[in-house]
1. Counting just the residues of region 298-325 that are of a type in the set (Lys, Arg) and farther than 20 Å from residue 228 by Cα, which one comes out modelled with the lowest pLDDT?
2. In this structure, is residue 67 under 21 Å from the mean Cα position of the chain (by Cα), modelled with pLDDT under 95 and within 18 Å of residue 349 (Cα to Cα)?
3. Only residues that are free of Cβ contacts under 8 Å to residues at least 60 places away in the same chain, in contact with a Ser or Thr (Cβ under 9 Å, 6 or more places away or on another chain) and small (Gly, Ala, Ser): list them for region 110-149, please.
4. Is it the case that residue 100 is under 30 Å from residue 240 (Cβ atoms), basic (Lys, Arg) and either touching a strand residue (DSSP E or B) at 6+ places or on another chain (Cβ under 6 Å) or at pLDDT 95 or above (or both)?
5. Starting from region 316-341, take each residue that is among the acidic types (Asp, Glu) and list its partners that are open to solvent by 30 Å² or more (accessible area, probe 1.4 Å) and at pLDDT below 95, counting only C-beta distances under 9 angstrom and pairs at least six apart or across chains.
6. Identify all residues within region 306-316 that are touching a helix residue (DSSP H, G or I) at 6+ places or on another chain (Cβ under 9 Å) and open to solvent by 10 Å² or more (accessible area, probe 1.4 Å); write none if there are none.
7. Take residue 262 and tell me if it is β-branched (Val, Ile, Thr), in a helix (DSSP H, G or I), crowded, with 20+ Cβ neighbours inside 10 Å and in contact (Cβ under 8 Å) with a residue 40 or more places away in the chain.
Amino acid sequence: MTDAVVIGAGPAGLMAAETIARTGASVTIADAMPSAGRKFLMAGKSGLNLTKAEPIGQFIAAYGDIGPVMRASLEAFGPDQVVQWAEDLRQATFTGSTGRVFPAAMKASPLLRAWMARLDGLGVTLHTRWRWHGWDDGALQFETPNGPLSVRPKATVLALGGASWSRLGSDGHWVQFLPDAVAPFAPANMGFVVPWSTHMARHLGRPVKAVGLRAGDLHSRGEFVISEHGIEGGGIYEVSRAMRQGAQLYVDLLPDWSLERVAKALAKPRGKTSLSNHLRKVLRLDPVRLALLGEFGRPYPDDLAGLLKALPIIHQGPRPLDQAISTAGGVRFNGLSDQLMMKMHPGVFCAGEMLDWEAPTGGYLITGCLATGRLAGQAASQHIAAQ
């Protein structure tokens, strides 16, 4: 017997479990994987970007068009609260030059250990290798190492993740149990397929640094990587939502130069110097940027300055869904109350990446999972108390 079952041991599920347990209710976490927080730990291998230190209005705007429930959860638990939460777990944080906030340890494992110890102290029970198989007459059905199991809690929080990185647990299997409540998944923060010509082979794996990127109304400034399969990296991820929706990607190879300055440099006499060497000398273009110009710019137009400031990148669409950092789509908010309770399943609340929202990289995804997990946990606690 348990008051609440939380399905999913990622950041959203763990936050929901903690929030419920603090009210004195008994909480069981069920996760299909052999251990908790596997995708969280993977994110920590590159530094674990927890959140971003910026005004809350600017922070929320980065999520794009989100509804009032998602907005309210972030207003209640935004960047300041994430930092305080981490430091309450005795995990010091620091803010980088771009505003991104990281644990001082620069990895997820110390924070996750401290968090799991806190949950254990609150009496939360974790069961691994419990795979959810929907409901039967209102009871949760699990396949466990000891065989099938039915559980009928007072409240349930679903925090099952999206549909990327299935080997870490986010395989989207749960969609079959909520067939009418889910917007189709799509990749988010993903690379794009480019069938490179042979002359790009020597540049595979190299970063394209200090460029501007634009797709639709999204802009980024940074770098991306020329990979064997196409283009990927932070600069691409920041504009990937617009690219997925069909917007053309343009790269500014000289973002610190005005169009007029580029045109003036190009007008310098080049004599017998080849065009490539002329571009390298007068514009200080490195070999990677020159290669991109050759790949997507030939035959060169008369307005070469304009091309250098807005080079169109031709691609064949996103990389596969399972290879995306995160996903768009999921449980639609119109099927949820303003407390994240499913209208078709009273007493069942949803949180985290399984909800129909998406966020750019930079700490927004983890903050959104923590914020919605907290809101779902608060609502589940109220539901339990009312019984």
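The values are calculated or read from the model by the stated rules, or taken from the named source; none is laboratory data. Just so it is clear, the model here is predicted, and its values are computed rather than measured. Neighbour counts are summed over all protein chains in view; Cβ atoms, including those assigned to glycine, are modelled from backbone coordinates with ideal geometry. The protein model used for the area step is the full one, side chains on, heavy atoms only, and it has no ligands, DNA or RNA in it. Shrake-Rupley method; radii C 1.70, N 1.55, O 1.52, S 1.80 Å.
1. 298
2. yes
3. 139
4. yes
5. Qualifying pairs under 9 Å: 322/165; 322/166; 322/167; 322/171.
6. Of everything in region 306-316, those that are touching a helix residue (DSSP H, G or I) at 6+ places or on another chain (Cβ under 9 Å) and open to solvent by 10 Å² or more (accessible area, probe 1.4 Å) turn out to be 306, 307, 309, 312, 314, 315.
7. yes
Matching residues to (1) touching a residue at least 24 places away in the same chain (Cβ under 8 Å); (2) of a type in the set (Lys, Arg); (3) out of contact with any Pro (no Cβ under 8 Å at 6 or more places or on another chain):
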residue: 181; (1), (2), (3): yes, no, yes
residue: 208; (1), (2), (3): yes, no, yes
residue: 217; (1), (2), (3): yes, no, yes
residue: 229; (1), (2), (3): yes, no, yes
residue: 234; (1), (2), (3): yes, no, yes
residue: 244; (1), (2), (3): yes, yes, no
residue: 250; (1), (2), (3): yes, no, no
residue: 256; (1), (2), (3): yes, no, yes
residue: 268; (1), (2), (3): no, yes, yes
